[in-house]
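The values are calculated or read from the model by the stated rules, or taken from the named source; none is laboratory data. Values in this document were obtained by computation on a predicted structure and should not be read as measured data. Using ideal geometry, Cβ is built from the backbone for each residue, glycine included, and neighbour counts are taken over all protein chains shown. Note: accessible area is taken over every heavy atom of the protein model, side chains too, but ligands, DNA and RNA are not part of it. Shrake-Rupley method; radii C 1.70, N 1.55, O 1.52, S 1.80 Å.
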Amino acid sequence: MAMGLMLGEFAERLHGQISIVLPARGLVEKALDEASSVHPSQSIILMEQGCPFMEHLVELEKERGIEGRTLFAVIHGDDGNWRVRGINTQPGSFALRKQLLPKCLGLRDEELSKACGIPDCVFVHSSGFLGINKTREGALKMAIDSLELSVCWSDVAS
C-alpha cells in the first residue's frame, strides 16, 4: 500500500512538473523578450496567463545578465482581472525590488481608483506586493505609475 501511495504521489508531482512548471519557463522567456514593448525600462513583464513564474524569472535574469531588472509582472488572472505582482528581492524573501503604489497601500475599489487616478482598480495589498485591476490597461498603468512616480496622484494634487 505504501508503495502504491508513493507511486501516486510521484506521478502527480511529475505531471505537475511536465504540464505546469516546465511550460512556465517558455512563458517567462517570452515575457522577458517582449518587455521592451511593455515599457522602455524593460522592468515590467506582461503575461497573458498565470503560471509559477518567480523561480524561472530569477534564473532567466541571471542567465541573461539582467539580474534585478524586472520589478513588476502584469498577469491575466483566471477570474478575468489583471494582477500586478511586485518581484521579490530573492526567492523566499518578502522584501520587494519595488512596491506597488506605495502611498495607496491597502486601498480598494473606488477609493483606490480615485486616489491614484486609474480607473477600475480593485485592490492594492497593504504590503505593496500585489495589485488588481479589472483591465489590462489599468494594471499596466498601476505598474508604470509605481515605476515612474512612486506616489499616488492624490499626493501630487495635494
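Largest mean-square fluctuation among Glu110, Glu148, Glu29, in a Gaussian network model of the chain whose springs join Cα atoms under 10 Å apart, belongs to Glu148. Taking only protein heavy atoms and a 1.4 Å probe, the accessible area of the chain is 57% carbon and sulfur.
Relative to the longest principal axis of the Cα atoms of the chain, the long axis of helix 22-33 lies at roughly 30 degrees. Here the peptides 46-53, 127-134 are ranked by packing, the mean other Cβ count within 10 Å, and the order with the highest first is 127-134, 46-53. If R0 is 35 Å, the Cβ-Cβ spacing of Gln49 and Ser93 corresponds to a FRET efficiency of close to 0.85.
Amide H contacts of Lys98 (H built 1.01 Å from N, in plane; Pro and chain starts excluded): Ile87 sit under 5 Å, all sequence-distant by 5 or more or on other chains.
Only helices enter this figure: runs of n ≥ 4 DSSP H residues, each worth -39500 (n - 2.57), summed and divided by the residues of the chain, yield -12500 deg cm²/dmol at 222 nm to the nearest 500. Note that segment 85-100 has calculated 3J(HN,Hα) couplings of 10, x, 8, 6, 5, 7, x, x, 9, 8, 5, 10, 5, 7, 6, 8 Hz, one per residue in order, obtained from phi through the Karplus relation 6.51 cos²θ - 1.76 cosθ + 1.60 (θ = phi - 60°); glycine and proline are x.
Computed with a 1.4 Å probe over protein heavy atoms only, the accessible surface of segment 1-141 comes to 57 Å² per residue. Across segment 58-69, computed HN-Hα scalar couplings (Karplus, 6.51 cos²θ - 1.76 cosθ + 1.60, θ = phi - 60°) run 4, 5, 5, 4, 5, 4, 8, x, 10, 3, x, 5 Hz from first to last residue, x flagging Gly and Pro.
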